[in-house]
Amino acid sequence: MVAIIDYGLGNLGSIANMLKVIGEKPLITDNTDVVRDADRLVLPGVGAFDAGMSRLEQAGLADAIREEAGKGKPVLGICLGMQLLGRRSEEGRMTGLGLIPFDNVHFSLPEGSCLKIPHMGWDVVEFRQESPLLAGITGRQRYYFVHSYHARCDSTENVLMVCDYGYEFASAVVKDNVYGVQFHPEKSHNFGMALLENFVKRC
């Protein structure tokens, strides 16, 4: 069973619907016992870093996620959910889950750039390493983004995908059984469906 963690932020219904299309029976939950019983965890999120961490901490979900990730349970963070997997963010003051060694930084576009923040809409990514999350996925991959902050990893070994928006940034991260994607797979049609199917069947 895939548990979609409900802490009041995120496109929970959209993620659940896409998982149902690929044959899963996800459960949207804020119950720590359900989180511990699940086979896999999806941590979605839209909004501010501190608001997200505060809600996770208050509900006891932060400790549950850390514990289950430490046991080897597959975890997928999406958008804000990915950012919460790191240590901290320039957006706030709270400490993140600390499951992957990275910090979140605000986009710093080159002087004179015509690009706007937030980075919003469809964009192309490149894979940086092999992973069960990307198994069998080939060709030009496009995903839907909406964000003003991005991960800055300590090591390239934690960078799974990159995207270029004024400069190259990590659009997906990984450490062992913990994965994070900055884009929204639930809004990315067949591209996102293939990635979510890999998460529930291969990771």
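List of remarks:
- Among the residues of segment 97-107, those that are in a loop (DSSP other than H, G, I, E, B) and either touching a Leu at 6+ places or on another chain (Cβ under 7 Å) or touching a residue at least 40 places away in the same chain (Cβ under 8 Å) (or both) comprise Leu97, Leu99, Ile100, Pro101, Phe107.
- Test: Pro74 is touching a Lys or Arg at 6+ places or on another chain (Cβ under 6 Å), within 18 Å of Arg40 (Cα to Cα) and open to solvent by 40 Å² or more (accessible area, probe 1.4 Å): no
- Condition met for Ala3 (modelled with pLDDT of 95 or more, within 26 Å of Phe191 (Cβ to Cβ), crowded, with 22+ Cβ neighbours inside 10 Å and over 14 Å from the mean Cα position of the chain (by Cα)): yes
- Condition check for Asp176: open to solvent by 10 Å² or more (accessible area, probe 1.4 Å), closer than 20 Å to Met120 by Cα and not basic (Lys, Arg): no
- Qualifying residue in segment 140-149 (condition: of a type in the set (A, V, I, L, M), closer than 20 Å to His189 by Cα and in contact with a Pro (Cβ under 7 Å, 6 or more places away or on another chain)): yes
- Set side by side, the residues Met193, Met120, Met94 differ, and just one is assigned to a loop (DSSP other than H, G, I, E, B) and more than 13 Å from the chain's Cα centre (by Cα), which is Met94.
- Filtered residues of segment 123-136 (kept if assigned to a helix (DSSP H, G or I) and open to solvent by less than 50 Å² (accessible area, probe 1.4 Å)): Leu133, Leu134
- Residue match in segment 183-193 (condition: under 21 Å from Gly96 (Cβ atoms) and surrounded by fewer than 18 Cβ atoms within 10 Å (Cβ to Cβ)): no
- Test result for Glu111, farther than 17 Å from Phe169 by Cβ, in a loop (DSSP other than H, G, I, E, B), modelled with pLDDT of 95 or more and open to solvent by 10 Å² or more (accessible area, probe 1.4 Å): no
- Only one entry in Arg55, Arg66 is of a type in the set (Lys, Arg), farther than 20 Å from Val173 by Cβ and either in a helix (DSSP H, G or I) or modelled with pLDDT of 95 or more (or both), namely Arg55.
- Pairs with Cβ under 8 Å, 6+ apart, first in segment 13-35 and assigned to a helix (DSSP H, G or I), second among the polar types (S, T, N, Q): Val35/Thr29
- Gly166 at positive phi and either within 13 Å of the chain's Cα centre (by Cα) or part of a strand (DSSP E or B) (or both): no
- Test: residue in segment 139-154 that is surrounded by 13 or more Cβ atoms within 10 Å (Cβ to Cβ), closer than 24 Å to Ile15 by Cα and either charged (D, E, K, R) or free of Cβ contacts under 8 Å to residues at least 12 places away in the same chain (or both): yes
- Qualifying residues in segment 35-53 (those that are farther than 21 Å from Lys201 by Cβ and open to solvent by 10 Å² or more (accessible area, probe 1.4 Å)) - the one farthest from the chain's Cα centre (by Cα): Arg36
The values are calculated or read from the model by the stated rules, or taken from the named source; none is laboratory data. Note that the structure is predicted; figures quoted are calculated from it, not measured. Positions of Cβ are generated from backbone atoms using ideal geometry, with glycine treated the same way; all protein chains shown enter the neighbour counts. These area figures cover heavy atoms from the full protein model, side chains too; ligands, DNA and RNA do not enter into them. Shrake-Rupley method; radii C 1.70, N 1.55, O 1.52, S 1.80 Å.
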